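Participant: A single structure is presented below for examination.
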Amino acid sequence: MPIKVNGVELCVETFGDPADPPVLLVGVTMLSWPDELCAALSGRYVVRYDLRDAGQSTFVDPDAPGYDLRDLVTDASELVVALDLGRTHVVGMGVGGFVAQLLALDHPDQVASLTLVSTRAVAPGPADPDLPDHAPQVMEQLFGRPGPDWTDRSSVVDYMTGSARLLSGSRGFDERDVRATAGAVFDRAGGTAKAQRASHLGTMFAAVDCKPRWRERLGEITAPTLVIHGDEDPFFPHGNAVALAAEIPGATLLTLPGIGQGVPRVTWPAVVDALLRHTA
């Protein structure tokens, strides 16, 4: 369903009973969070949505966004108000973790708990000297190969499957799931190459102004925090999760052995159990 917030329209989907504790899932598109995973969070009112310039939310130009990271945070904050969620359990994955961290910092009264998945505390670009950066060999394989025809479904699904194979770790790659998700993301996004790239890769984050820094403020986070991260993540290596857990007061780190980016199906029993406990 479309919800108007902060001058844009966000495409939102919910699972469960609105009377249950709310859980806001932040990724690039709502399909960052598979249907079955959302449904498995029983006893929770799960809300997922497309960021602006992704999926079926307001689309202008992800290569030249007229907004910054704090606007995306305001989008999330106003969505909490528009849906009358009250204090909400916020879960951010990858670059969605940037939004989640800043929501907890700038709108602490809205955040009942915080969960950070496969993310880090510094914006796109070089990592801080004490943090591990993207694995060079994997990045060369990832971005050194020919890109797909972003307007052709089969080409995009093949390309995203290759990307997942590089990023998933030794235990995380599930080709059937990856192909199904890539096809579903393609079908929901706009027909242009820009729209497809933004929905699949979150390319707007390469152009969005993410300043000022927020890592130095992590000690201000008061929400109970769970950090979930694969120990074979080549994109945001595991040391980023260790730093988040160390710098956020009282945070707990759940390490997923043999896993790269994200929470593939093999991790769901552990991840769902941890999320249900954390959001109880």
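Participant: Could you do me a favour and compute the accessible area per residue for segment 182-280, 1.4 Å probe, result in Å²?
Facilitator: 41 Å²
Participant: I would also like to ask the following. At a threshold of 8 angstrom on Cα-Cα distance, excluding pairs fewer than six apart, so keeping six or more, what relative contact order does the chain reach in percent?
Facilitator: Once normalised by length, the contact order is 21 percent.
Participant: Using the Cα centre of the chain as origin and beta-carbon charges of +1 (Lys, Arg) and -1 (Asp, Glu), tell me which of A223, T14, G260 is placed farthest towards the positive end of the dipole.
Facilitator: Checked the options; the winner is G260.
Participant: Still on this structure: Would you mind working out the accessible area per residue for segment 1-160, using a 1.4 Å probe, and quoting it in Å²?
Facilitator: I get 39 Å² per residue for this part.
Participant: Express the carbon and sulfur contribution to the solvent-accessible surface of the chain as a percent, rounded to the nearest whole number, probe 1.4 angstrom.
Facilitator: 54 percent
Participant: Which of P148, P129, P62 moves most in a GNM of the chain, Cα contacts under 10 Å?
Facilitator: The residue that fluctuates most here is P129.
Participant: Which value, in debye to the nearest 20, describes the size of the charge dipole of the chain about its Cα centre when Lys and Arg Cβ atoms bear +1, Asp and Glu Cβ atoms bear -1, and nothing else is charged?
Facilitator: It works out to roughly 220 debye.
Participant: About its Cα centre, what dipole magnitude does segment 33-183 give when the only charges are +1 on Lys and Arg Cβ and -1 on Asp and Glu Cβ, stated in debye to the nearest 20?
Facilitator: 500 debye
Participant: Of L131, S118, L103, which is farthest towards the positive pole of segment 102-181's charge dipole, taken about the Cα centre with +1 and -1 on the beta-carbons of Lys, Arg and Asp, Glu respectively?
Facilitator: Selected residue: S118.
The values are calculated or read from the model by the stated rules, or taken from the named source; none is laboratory data. What you are looking at is a predicted structure, and each value in this text was computed from that prediction instead of being measured. Don't worry about glycine lacking a Cβ; one is built from the backbone with ideal geometry, like all the others, and counts go over all protein chains shown. Each accessible area value is taken on the protein alone, full model and side chains, heavy atoms only, with ligands, DNA and RNA left out. Shrake-Rupley method; radii C 1.70, N 1.55, O 1.52, S 1.80 Å.
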